[in-house]
1. Could you please find all residues in region 244-272 being assigned to a helix (DSSP H, G or I), within 22 Å of the chain's Cα centre (by Cα) and surrounded by fewer than 23 Cβ atoms within 10 Å (Cβ to Cβ)?
2. Taking the condition of being of a type in the set (Ser, Thr, Tyr) and at pLDDT 95 or above, how many residues in region 172-191 meet it?
3. Of (1) open to solvent by less than 60 Å² (accessible area, probe 1.4 Å); (2) part of a loop (DSSP other than H, G, I, E, B), residue 34 satisfies all except one. Which?
4. Exactly one condition in (1) under 25 Å from residue 103 (Cβ atoms); (2) buried (at least 16 other Cβ atoms within 10 Å of the Cβ); (3) more than 23 Å from the chain's Cα centre (by Cα) is false for residue 180; which is it?
5. Could you list all residues from region 124-145 that are among the polar types (S, T, N, Q) and either open to solvent by 40 Å² or more (accessible area, probe 1.4 Å) or outside any strand (DSSP E or B) (or both)?
6. Out of (1) touching a strand residue (DSSP E or B) at 6+ places or on another chain (Cβ under 6 Å); (2) surrounded by fewer than 21 Cβ atoms within 10 Å (Cβ to Cβ), what's the single condition that is false for residue 223?
7. Could you list, in sequence order, the residues of region 146-173 that are surrounded by fewer than 17 Cβ atoms within 10 Å (Cβ to Cβ) and under 30 Å from the mean Cα position of the chain (by Cα)?
Amino acid sequence: MKKTENIGRRQALALLGATLGGHGLARASSFPDRPVTIVVPFSAGGSTDVVARLVAARLQQRLGQSFIVDNRGGAGGNIGATAAARARPDGYTVLYATLSLLVFNEFIYTKMPFRSDELTPLALTVKAPLVMCTATTSGVQSLTDLLDRMRRAPGGLSYASAGSGSASHVAASMLLQQQGLAAVHVPYKGSGPAANDLLSNTVAFCFDSPVVYAPHIKAGTLKGLAVTGPQRIPTLPDVPTFAQVGLPNFDASTWNAWMAPAGTPPAIADLLAREIQAVHAEAEFRARLAEIGAVSVSDHGPQQTAQFIAQEKQRWKPYVVNSGAKVD
């Protein structure tokens, strides 16, 4: 009897969708009825991948279908983003994107493999601060101390990044541009190698995720000079914000957003956006993100996310262009 009732309910929803002239509504009423792929355009184990898997597990519980993470790294996220943009726009493929992918790459790559209008925003869900660090053995006592050293020796110090055009690169370049300072950029292939040379004091400073540097700061091998964002983070309560050390206008926090192929039915896109936002509104989930230094966002739907990305492109463009980052 129960099976017959379920069939009748699905038929009624489909009939309602057709009656209202909303074939998209009819499709949304049964969505998802098979696994959904989440394209993470970076390698497994990174902060983006970790958060995507946390969300996937919660969506699976909420919607009763598997949400499978597909890591497709390479080309600063462009390989995975292109695969997502060209996927069938039926809601069964979504992209978990980053600031660097959606904003920086447009100004860094000579030719982008996909157009920005091939992806439609679903939700902005995470804002994540960066922490600026130096080796404890460097003798630097504070951000002011480091800035003074750079003023006394223009171009004499170097800084590491996780790669040319990465958030760690552009954040450092932004600080230098705003302060009228110069330092030598040393790009690495990822956060790990950059952290190794920072620990050995081969480079003077580096920006990166608290996930990367918090263990070293707590161990006393790195000194956290400041964190981006409006407030201190629970994982590094003793590290001040840039505003607290006298730089209130410096904001280099990163963020993540969920995207879908353009042409995804609005009813399905809205359903995905609502469910993703609902996950990020859960107290337990927000607490879990706070543990890794991220702030959960649950009030940016498709329209607000589109507006936010457009504003971020305008804000970051001069800093990215002037950073000198370029990939052919």
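The values are calculated or read from the model by the stated rules, or taken from the named source; none is laboratory data. Small disclaimer: the values here were computed from a predicted structure and weren't measured. Reconstructed Cβ throughout: ideal geometry from the backbone, glycine too, with neighbour counts over all protein chains shown. Note: areas computed on protein heavy atoms with side chains; ligands, DNA, RNA excluded. Shrake-Rupley method; radii C 1.70, N 1.55, O 1.52, S 1.80 Å.
1. Residues satisfying the conditions are 270, 271.
2. 1
3. Among (1) open to solvent by less than 60 Å² (accessible area, probe 1.4 Å); (2) part of a loop (DSSP other than H, G, I, E, B), residue 34 violates only (1).
4. Unmet condition: (2).
5. Correct list: 136, 137, 138, 141, 142, 144.
6. (2)
7. The one that is surrounded by fewer than 17 Cβ atoms within 10 Å (Cβ to Cβ) and under 30 Å from the mean Cα position of the chain (by Cα): 158.
Conditions (1) part of a helix (DSSP H, G or I); (2) of a type outside the set (Asp, Glu), marked per residue:
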{"residue": "277", "(1), (2)": "yes, yes"}
{"residue": "286", "(1), (2)": "yes, yes"}
{"residue": "290", "(1), (2)": "yes, yes"}
{"residue": "298", "(1), (2)": "no, yes"}
{"residue": "308", "(1), (2)": "yes, yes"}
{"residue": "312", "(1), (2)": "yes, no"}
{"residue": "315", "(1), (2)": "yes, yes"}
{"residue": "322", "(1), (2)": "yes, yes"}
{"residue": "325", "(1), (2)": "no, yes"}
